[in-house]
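Engineer: Have a look at this one.
The values are calculated or read from the model by the stated rules, or taken from the named source; none is laboratory data. Please read these numbers as outputs of a predicted model, since none were measured by experiment. Cβ sites come from the backbone with ideal geometry, for glycine too, and all protein chains shown count toward neighbours. Heavy atoms of the whole protein, side chains included, go into the accessibility calculation; ligands, DNA and RNA do not. Shrake-Rupley method; radii C 1.70, N 1.55, O 1.52, S 1.80 Å.
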Amino acid sequence: MKKINIGLIGFGNIGSGVIKILRNKKSFLTKKTGLNINIKKICDQDIISKRNVGVDKRLLTRDPKEILEDPQIDILVELIGGIHPAKEFISEALKNGKNVVTANKALLALHGQELFTEAIDKGKNIYFEASVGAGIPIIKSLREGLVANKFKSILGIVNGTSNYILSSMSKNGRTFNEALKEAKKKGFAEKNPALDIEGMDSAHKLILLTYLCFGRLVNMKDVFVEGISRISLADVDYAKELGFEIKLLAIAQKEGEDLEVRVHPTLIPKSHLLASVDGIFNAIYVESDLAGDLLFYGPGAGQLSAASAVVSDIVELTQDIKAGLFRPMMNIVRDKTVKRLRKIDESFSRYYIRFTALDKPGVLARISGILAKFCISIASVTQKEKNRTEFVPIVMLIHEAKEKDLRAALSMIDRLDAIKEKSVAIRMEEV
Ligand code: HSE
């Protein structure tokens with residue numbers, strides 16, 4: 001039986017999960033693939049700490065060269081995350097004729113073009129199923145299952161940590177900080193949780209999804225990113241009263257000849273499927289021309305779910321290696337109907353707005369007067385007055401407005417003496 005050798009760099013949480021699956025399911029995978037998938041070497045800076053999977057100590061090394069320069073190793077599995085030295089390891093592996101499996105969304109979002117080009121030049125592949133939605137097979141579905149489709153939009157809840165925080169605020173009345181603390185304790189936040197709550201992790205994943213759907217690897221600077229750190233429990237509650245949930249959405253959407261690529265908190269109607277995606281669950285909603293509207297749903301983080309995706313990539317690569325084939329994974333075709341990327345200033349949306357204003361005659365008239373000046377039409381207004389205090393929250397829903405106009409109106413409103421703090425504006429999605 002042919003043996004395929006794997007070298008793993010990064011024996012952390014997901015890495016241990018991969019080893020666990022390859023070991024515990026060895027005979028199952030052998031029957032499925034007709035191959036002996038062999039773990040030849042495992043590299044990590046820490047080869048002392050106990051993992052929740054036992055390995056032969058002779059497999060362990062601190063020296064990545066033992067993998068990168070071993071001609072018998074067919075596949076590098078990179079699970080250290082971050083940009084450096086992960087980028088150099090992948091480059092070196094490709095140079096040395098290895099295929100690569102990675103879960104490194106940040107690296108591929110920022111340096112994908114260079115690495116994918118290097119891979120194609122070498123006749124090798126970089127697979128990255130675990131980079132978005134952990135075990136949800138969204139990458140494979142987009143590139144294979146939906147190969148004949150063109151896409152109108154992709155909307156995703158792709159960051160488990162943010163979704164956990166927002167759900168915990170909505171369902172259990174936790175404050176933002178309480179919910180973040182819980183999320184960190186559960187262990188699925190990034191090493192730097194700012195990546196989760198400020199929307200960068202979602203943006204990295206969105207760049208990869210956009211690549212697969214629209215054939216453009218957009219630059220990070222072209223993605224509008226706003227996180228959830230300014231969302232208060234009050235906003236979550238007011239949104240709920242109005243029939244909405246707040247979710248951090250990653251959106252790539254065609255608007256005529258433009259493509260909008262953005263990440264931001266969004267009010268979505270409770271009746272929409274995405275509104276009931278709670279906790280660490282992820283969901284990706286795709287509008288396609290042939291298969292229709294599809295929803296991919298499942299745990300978006302976790303050792304075994306992410307490792308399941310890594311193993312699926314390994315198995316797919318082994319089949320090509322066995323057949324002596326090179327099928328470039330990046331059979332990416334640019335959607336020519338997309339002529340440009342639309343800047344956020346030019347985008348249109350409905351909004352939920354919360355003003356904190358003095359409770360006295362004429363204040364609402366001044367606010368609505370400024371909105372009218374920018375041709376912004378109000379859909380509903382409520383003054384939230386739990387106890388009579390000097391300043392009260394005024395919650396407003398507005399009809400579709402241009403982002404640029406809304407920002408200009410808000411900055412004028414926020415300068416009024418009657419306004420106590422910066423107003424909160426959250427987009428609403430007509431899904
Ligand atoms: N920090 C990520 C999340 C892990 O919370 O979704 C999975 O990419």
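Engineer: In Å², what does the accessible area per residue of the range 60-174 work out to with a 1.4 Å probe? Write down the numbers at each step before the final one.
Structural biologist: Working: 3910 Å² over 115 residues.
Roughly 34 Å² per residue, with all protein chains present.
Engineer: Computing the accessible area with a 1.4 Å probe over protein heavy atoms, can you report the carbon and sulfur percentage for the range 138-299? Display every interim value, and only then the final one.
Structural biologist: On the way: 3100 of 5930 Å².
Of the solvent-accessible surface of the range 138-299, carbon and sulfur hold 52 percent.
Engineer: Another question, then. P(r) tail for the range 312-409, what percent of Cα pairs lie past 21 Å? Kindly include the intermediate steps, with their values, before the conclusion.
Structural biologist: Values: 2764 of 4753 pairs.
Of all Cα-Cα pairs in the range 312-409, 58 percent lie more than 21 Å apart.
Engineer: Per 10 Å bin, what percent of the C-alpha pairs of the chain does each bin hold, from zero upward?
Structural biologist: Cα pair-distance distribution for the chain, in percent: 4, 21, 28, 22, 13, 7, 4, 1, 0.
Engineer: At 0.36 nm per residue, minus the direct Cα-Cα distance, what do LEU295 and PHE28 gain on full extension? Give it in nm, one decimal, please. Let's see the in-between values first.
Structural biologist: Working: separation 267, 0.36 × 267 = 96.12 nm, distance 2.93 nm.
Extending this stretch completely gives an extra 93.2 nm.
Engineer: Distance check, please: which entries in LYS360/LYS420; LYS98/LYS336; LYS122/LYS322; LYS41/LYS185; LYS2/LYS40 exceed 22 angstrom between their Cα atoms?
Structural biologist: LYS98/LYS336; LYS41/LYS185
Engineer: Computed from the mean reciprocal separation of all distinct C-alpha pairs, what Kirkwood hydrodynamic radius does the range 263-302 have, in Å?
Structural biologist: After inverting the pairwise mean of 1/r, the radius is 11.5 Å.
Engineer: Something else: For a 27 Å ceiling on Cα separation, which of these pairs sit above it: LYS124/LYS191; LYS3/LYS124; LYS26/LYS150; LYS191/LYS240; LYS3/LYS25?
Structural biologist: LYS124/LYS191; LYS26/LYS150; LYS191/LYS240
Engineer: From largest to smallest, what semi-axes in whole angstrom does the range 138-299 give when each is the square root of 5 times an eigenvalue of its alpha carbon gyration tensor? Working shown, then result.
Structural biologist: Numbers: eigenvalues 142, 56, 41 Å².
They are 27, 17, 14 Å, listed largest first.
Engineer: Any idea of TYR238's accessible area? Nearest 10 Å², probe 1.4 Å.
Structural biologist: Answer for TYR238: close to 20 Å² accessible.
Engineer: Follow-up. If packing is taken as the mean number of other Cβ atoms within 10 Å per residue, what is the order of 333-340, 345-352, 97-104, 30-37, highest first?
Structural biologist: Top to bottom by mean Cβ count within 10 Å: 97-104, 345-352, 30-37, 333-340.
Engineer: Still on this structure, please answer the following. Using a 10 Å cut-off on Cβ atoms, rank the peptides 307-314, 3-10 from the highest mean neighbour count down.
Structural biologist: Averaged packing, sorted descending, gives the order 307-314, 3-10.
Engineer: Taking the Cα atoms only, what angle lies between the long axis of helix 13-24 and the longest principal axis of the chain, rounded to 10 degrees?
Structural biologist: Taking the Cα atoms of the chain, the angle to 13-24 is about 40 degrees.
Engineer: Once the other residues with Cβ under 11 Å from the Cβ of GLU257 are scored (Lys, Arg +1; Asp, Glu -1), what is the net sum? Each step should come with its number before you reach the end.
Structural biologist: Numbers: positive: LYS254, LYS336, LYS339, ARG340, ARG342; negative: GLU255, ASP258, ASP335.
Residues near GLU257 contribute +2 overall.
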